[in-house]
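Comments concern the structure below.
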Amino acid sequence: MDDVVADLAQDRSRLGRTSTAERVADILRDRISEGFFRPGQRLSEESISEGLGVSRNTLREAFRLLGHERLLDHQLNRGVFVRLPSAEDVADLYRVRRVLEGAAVRRSPAPETLAAIKEAVLDAERAAARDDWQGVGTANIRFHQALAALNGSPRIDEAMRQLLAELRLVFHVMENPRAFHQPFVDRNRVLLGLMESGQAEKAAAYLDDYLDHAERLLIEAYAP
């Protein structure tokens with residue numbers, strides 16, 4: 001509990017003077033995307049409300065919002081738990097990713113618009129060099145958020161934030177994070193190179209194969 005309070009206290013500045021449930025939900029969603037909360041973990045109202053300095057009512061509303069996003073489960077008389085997506089959820093997440101990220105790659109983005117993607121690639125490579133595979137996973141989430149942002153749509157950005165938070169929960173099913181994440185450190189670099197050189201159709205085909213590869217590994221991890 002003390003660790004949760006201390007870590008979340010760092011996020012108080014994001015709330016501003018007029019804290020709202022939406023801002024609290026944004027913070028908790030980001031923390032899920034960073035791997036801070038794990039599937040099956042019970043969320044303590046006491047520690048989170050103390051850490052963020054918000055009321056229990058505000059926090060409960062944030063929990064409700066994240067429940068609608070399929071990130072949390074409310075269990076009667078037990079509390080609120082971080083949800084573990086199913087294999088069917090994984091397949092659906094990848095259907096959506098193919099549409100949103102594929103459209104972004106096919107836009108033939110100008111090289112100067114790729115800065116956030118480049119930074120995410122570098123962050124993943126630095127984390128891999130430290131053997132920090134949770135950090136690699138977080139950088140990978142940022143890579144795909146930045147990729148979808150090339151569509152230039154705030155609605156797509158919001159949808160991707162929710163989708164990628166749910167996907168981060170799926171990463172936890174992998175017993176060997178290094179074996180899962182390591183190939184995509186290199187694949188992200190290759191995809192970036194194709195985009196930088198203006199090879200939009202090759203980049204789109206590469207992305208399709210990339211997503212097929214990732215989905216297959218995750219679905220296999222659910223097999224009994």
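The values are calculated or read from the model by the stated rules, or taken from the named source; none is laboratory data. These figures come from a predicted structure and were not determined experimentally. All Cβ positions, even for glycine, are placed from backbone atoms using ideal geometry, and neighbour counts span all protein chains on display. When the accessible area is computed, the model is the full protein with side chains, heavy atoms only, and any ligands, DNA or RNA have been set aside. Shrake-Rupley method; radii C 1.70, N 1.55, O 1.52, S 1.80 Å.
Suppose the chain between SER55 and ARG106 were pulled fully straight at 0.36 nm per residue; how much longer would it get relative to their current alpha carbon spacing?
Stretched out fully, the SER55 to ARG106 stretch lengthens by 13.8 nm.
Please give the net charge around THR113, taking every other residue with its beta carbon less than 13 angstrom from that of THR113, where Lys and Arg add +1 and Asp and Glu add -1.
Overall, the nearby charge balance is -1.
Could you work out how far helix 154-171 tilts from the main Cα principal axis of the chain, as a 0 to 90 degree angle to the nearest 10?
Tilt relative to the chain: about 80 degrees.
Lys and Arg at +1, Asp and Glu at -1: add these up for the other residues within a Cβ distance under 9 Å of GLY137 and post the number.
Charge balance near GLY137 sits at 0.
Quick one: 3J(HN,Hα) in Hz for the stretch 105-111, Karplus 6.51/-1.76/1.60 with θ = phi - 60°, rounded, Gly and Pro as x.
5, 6, 6, 6, x, 5, x
Using a 1.4 angstrom probe on the protein heavy atoms only, could you order LEU122, LEU72, LEU65, LEU84 from most to least accessible area?
Largest to smallest exposure gives the sequence LEU84, LEU122, LEU65, LEU72.
Computed from these coordinates, which is Cα extents along the principal axes in Å: (i) 65, 42, 30; (ii) 52, 45, 33; (iii) 52, 36, 30?
(ii)
If you take the square roots of the eigenvalues of the alpha-carbon gyration tensor of the stretch 8-112 and sort them as a ≥ b ≥ c, do you get rounded (a/c under 1.5), prolate (a/b over b/c) or oblate?
Oblate, since a/c reaches 1.5 and b/c is not below a/b.
In sequence order, what are the phi-derived ³J(HN,Hα) couplings for the stretch 114-130 according to the Karplus relation 6.51 cos²θ - 1.76 cosθ + 1.60 with θ = phi - 60°, rounded to whole Hz, with x for glycine and proline?
Each residue of the stretch 114-130 in turn: 9, 4, 5, 5, 4, 5, 5, 4, 5, 4, 5, 5, 5, 5, 5, 5, 8 Hz.
Counting heavy atoms of the protein chains only and a 1.4 Å probe, report the per residue accessible area for the chain as a whole number of Å².
Per-residue value: 50 Å².
Tell me which residues come under 5 Å, amide H to amide H, from PHE37 once H is placed; ignore anything under 5 positions away on its chain.
Close amide H contacts, sequence-distant or interchain: ILE32.
For an R0 of 41 angstrom, estimate the FRET efficiency from the Cβ-Cβ distance between GLU201 and ALA91 and round to the nearest 0.05.
Using R0 = 41 Å, I get an efficiency of 0.95.
Would you calculate the separation in nanometres between label points at GLU46 and ASP208, each defined as 7 Å from the Cα along the Cα-to-beta-carbon direction?
5.5
Around VAL80, with a cut-off of 11 angstrom between Cβ atoms, what is the net charge of the other residues, counting Lys and Arg +1 and Asp and Glu -1?
+3
State whether the stretch 97-169 is rounded, prolate or oblate according to the following rule on the C-alpha gyration tensor (a ≥ b ≥ c being the square roots of its eigenvalues): a/c under 1.5 gives rounded; otherwise a/b larger than b/c gives prolate, and the remaining case gives oblate.
oblate
Multiply the residue gap between LEU122 and LEU84 by 0.36 nm, knock off their C-alpha separation, and tell me the result in nm, one decimal place.
10.8 nm
Could you give each residue of the stretch 177-184 its phi-based ³J(HN,Hα) in whole Hz, using Karplus coefficients 6.51, -1.76, 1.60 with θ = phi - 60°, and x for Gly or Pro?
3J(HN,Hα) across the stretch 177-184, in whole Hz: x, 4, 4, 6, 7, 4, x, 7.
Under the rule of at least 5 residues apart or a separate chain, name every residue whose amide H is placed under 5 Å from the amide H of LEU72.
Here the answer is GLY67, ARG83, since their amide H atoms fall under 5 Å of that of LEU72.
Taking 0.36 nm per residue of separation and subtracting the Cα-Cα distance, what length does fully extending GLU175 through GLN10 add?
So the extension gain works out to 56.4 nm.
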